[in-house]
Amino acid sequence: MQKLYEGKAKAVYTTSEEGVLVQRFKDSATAFNAEKKAEFGGKGELNNRIAGIVFRYLADRGIPSHYIETPNTRDMRIRAVEIIQIEVVARNIVAGSLSKRTGLDEGVRLSAPIVEFYYKDDDLGDPMITDDHIRILNLATEDELATLRRMALEINEHLIELWKKCGLDLVDFKLEFGRVDGKILLADEISPDTQRLWDADGNRMDKDVFRRDLADLVETYSRVHAQLIAAYPEYDFGTLPEAPAER
Ligand code: TMP
């Protein structure tokens, strides 16, 4: 297999099958556009399992994604898509950059969810962009943008329910989408790297524990995974084969 791409938390490989790729979840975590970086043994497997459960949960509720299957501890087989270079963030509660940008206090619940768009460009530091910026940069058509917004809000409703049953509050999350055969599919991953989840005591159960040095990342993600399979045992992968060391 050939490595097509390597990012901060995943690498993507070709397979012998036309239109099928493998994304491998790495043990590294980065924050602040990779200014902060560390390795966490077990993180890759936890995010692979969590993302696999979330994609299957969403598929059962009519949300199409690039997910095919989870063949082993670290890898996810996915459909090859053309990634849309927009990070779509949806928020229910004020946190992170929304608090910094607006001065609203962290923890304030929004009266309705909001959607924001960011330009997926590491060199620029993923800046927030407007619909007009998206148009002049040709990142998506107006129809596609409307679809991204609609899908993000729909996914938000499903994820709120999913995490509620696990005793967690969905604060915000980031999605990526891809195009294939004229369709838009949810892509990338949904994991504690890409969402903010707060428990009933206000503990951060996501990558903020690393960004802000609040708690042990692997312990935190393990608890999220344990809560997920306790609430949804039907989505548990159980024992998975060990991932091959090299792809
Ligand atoms: P923000 O408050 O830092 O803008 O983050 C909003 C959400 O997006 C939060 O759940 C974390 C997620 N996120 C990513 O997945 N990748 C990123 O590069 C950033 C900045 C945020």
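When you check V81 against the structure, is it under 29 Å from I136 (Cβ atoms), modelled with pLDDT of 95 or more and in contact with a His (Cβ under 8 Å, 6 or more places away or on another chain), yes or no? Yes, satisfied.
Among the criteria (1) within 18 Å of Q195 (Cβ to Cβ); (2) more than 16 Å from the ligand (Cβ to nearest atom); (3) of a type in the set (A, V, I, L, M, F, W, C), the one V88 does not fulfil is (2). In the range 55-77, which residues are outside any strand (DSSP E or B) and among the basic types (K, R)? Scanning the range 55-77 gives R56, R61, R74. Taking the range 144-206 as the region of interest, the strands (runs of 3 or more DSSP E) fully inside it that hold 1 or more residues being open to solvent by 50 Å² or more (accessible area, probe 1.4 Å) are 168-180, 183-187.
Taking the range 16-33 as the range and being surrounded by 12 or more Cβ atoms within 10 Å (Cβ to Cβ), within 16 Å of the ligand (Cβ to nearest atom) and outside any strand (DSSP E or B) as the test, the residues that pass are K26, N33. Taking I53 as the residue in question, decide whether it is touching a residue at least 24 places away in the same chain (Cβ under 8 Å) and either away from the ligand (no atom under 13 Å from the Cβ) or within 17 Å of the chain's Cα centre (by Cα) (or both). Answer is yes for this residue. The residues on offer are K37, K100, K8, and the sole one that is assigned to a helix (DSSP H, G or I) and surrounded by fewer than 17 Cβ atoms within 10 Å (Cβ to Cβ) is K100.
The values are calculated or read from the model by the stated rules, or taken from the named source; none is laboratory data. Keep in mind that this is a model prediction, so the values were computed, not measured. Glycine also receives a Cβ, built like all others from the backbone with ideal geometry; neighbour counts cover every protein chain displayed. Accessible surface areas use protein heavy atoms only, side chains included; no ligands, DNA or RNA. Shrake-Rupley method; radii C 1.70, N 1.55, O 1.52, S 1.80 Å.
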